[in-house]
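Coordinate-derived values only; no laboratory data. Keep in mind the model is a prediction, meaning the values are calculated, not measured. In this analysis, Cβ positions are derived from the backbone assuming ideal geometry, glycine residues included, and neighbour counts consider all displayed protein chains.
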Amino acid sequence: MSELHKFLFEGLPVRGMLVRLTDGWREVLARRAASGEAFPAPVRALLGEMAAAGVLMQGNIQFAGALVLQMYGDGPVKLAVAEVRSDLAFRVTAKVVGAVADDARLEAMLNVHGQGRCAITLDPQDKRPGQQPYQGVVALHGDHREPLQQLGEVLEHYMLQSEQLDTRLILAADDQVAAGLLIQRLPVQGGANLQGARRNEDLIGLDEAYKRIALLAGTLTRAELLTLDADTILRRLFWEEPIRRFAPLRGEDGEGGPRFVCSCSRERVGNMLKGLGRAEIDGIVTEQGRVEIGCDFCGATYHFDPVDVGELFTPAERQAPGSDAKH
Ligand SMILES: [Zn+2]
């Protein structure tokens, strides 16, 4: 079962989270395989890491809306997307054009010409009219223009640049598990008055605590992250630290934990078709007999035959006499 574990270090300005996506992650891959368009292995691993990272980031900020992680590439992977809603429901997809080598890393997939980008969008649930979603963008290279090969490093840069938060992020995914460990330095309360409020050595000690814990987190191998359960990982890494854990959120059994859910629907597809305009849709119907739209996230297919298309473009008052729309 997929789970998200939150914890903090007692008395230290450090918090952490550990996520393991299992059932939901396997379902994503199974659906894609069933469509006959399975992603290459390195893309599957990237999407798994993105799903894990998305859940960690959403779990971290508890944003009332969708957190969307997008990688725009200039290599064979044109786009990779992970979306995580506030209830930790996640979905992922990618657009791959061209061959991806079995050992391809971030640069070979997305950043061949140095133009790759990672965008994090926060799309609020209840938008005010005209309100734009918040978006932050980071390049896929480090401070010295060296190309980054790990998604975790890219997102560490993002957190530091956009939120001024020191973060250590370790991610890994295979076809069974997508997992991640996040360690983050919390802003010390009191900000500007710190010098007066605390003795210098206390401050240095708090600073050292984050560094020590981040270093410990960095010793976690990908294999350990993928194969060990949360209890074992946290005990092995932090057995000397004053760790305090919260009840894990488990998905797939209704405890509000991470799980795969696709938010596509016939209504949404219909609205999208309406947006394209009647002439465009009639053109497709004339050519192909009906409109067929597949969901890239879950593999669902929606068909609209000429009658459906006619209804789609019928004004609402004629379609539903006596409905609420006519008050
Ligand atoms: Zn869908």
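Within a straight-line Cα-Cα reach of under 23 Å, K78 can be paired with the following lysines, leaving aside sequence neighbours fewer than 8 residues apart in one chain: K95.
Principal axis extents of the C-alpha atoms in the stretch 1-46 (largest first, rounded to whole Å): 52, 21, 9. Taking each residue as 0.36 nm, the span from A139 to E280 lengthens on full extension beyond its C-alpha to C-alpha distance by 47.1 nm. Loop sites here are chymotrypsin sites (Phe, Trp or Tyr not before Pro) outside DSSP states H, G, I, E and B with no more than 16 other Cβ atoms within 10 Å. The longest part of the chain free of them is 1-238. Its Cα centre serving as origin, the chain has a Cβ charge dipole (Lys and Arg +1, Asp and Glu -1) of approximately 480 debye. Annotation for the stretch 220-267: GluC sites (Glu not before Pro) lying in DSSP loop with at most 11 further Cβ atoms inside 10 Å of their Cβ are E240. Karplus-based coupling profile of the stretch 236-241, in residue order and whole Hz: 5, 6, 10, 5, 9, 9, with θ = phi - 60° in 6.51 cos²θ - 1.76 cosθ + 1.60 and x standing for Gly or Pro. Straight Cα distances below 12 angstrom link K211 to the aspartates and glutamates D166, with same-chain residues fewer than 8 positions distant left out. Between Q149 and E163, what is the label-point separation in nm under the 7 Å Cα-to-beta-carbon projection? For the pair E163/Q149, the computed spacing is 2.7 nm.
With the convex hull drawn over the C-alpha atoms of the stretch 12-141, the volume per residue is 145 Å³. Taking the chain as the reference, fit the longest principal axis to its C-alpha atoms, fit the long axis of helix 266-276 to the helix C-alpha atoms, and give the angle between the two in degrees, 0 to 90, nearest 10. It is inclined by approximately 70 degrees.
Peptides 37-47, 98-108, ordered by how many other C-beta atoms sit within 10 Å of their residues on average, highest first, read 37-47, 98-108. Judged by a Cβ-Cβ distance under 4.7 Å, the unpaired cysteines of the chain are C118. Computed from phi, the 3J(HN,Hα) profile of the stretch 119-127 under the Karplus parametrisation 6.51, -1.76, 1.60 (θ = phi - 60°) reads 10, 10, 10, 10, 9, x, 5, 10, 7 Hz, with x in place of Gly and Pro. Given the options G180, G54, G136, state which has the largest fluctuation in a GNM of the chain using a 10 Å cut-off (strictly under) for Cα springs. Checking each option, the largest mean-square fluctuation is seen for G136.
Over the Cα atoms of the chain, the radius of gyration divided by the Kirkwood radius equals 1.04; this is the Rg/Rh ratio. The residue list G283, P133, G310 was ranked by how far each Cα lies along the charge dipole of the chain toward its positive end, using unit charges on Cβ atoms, and P133 comes out on top.
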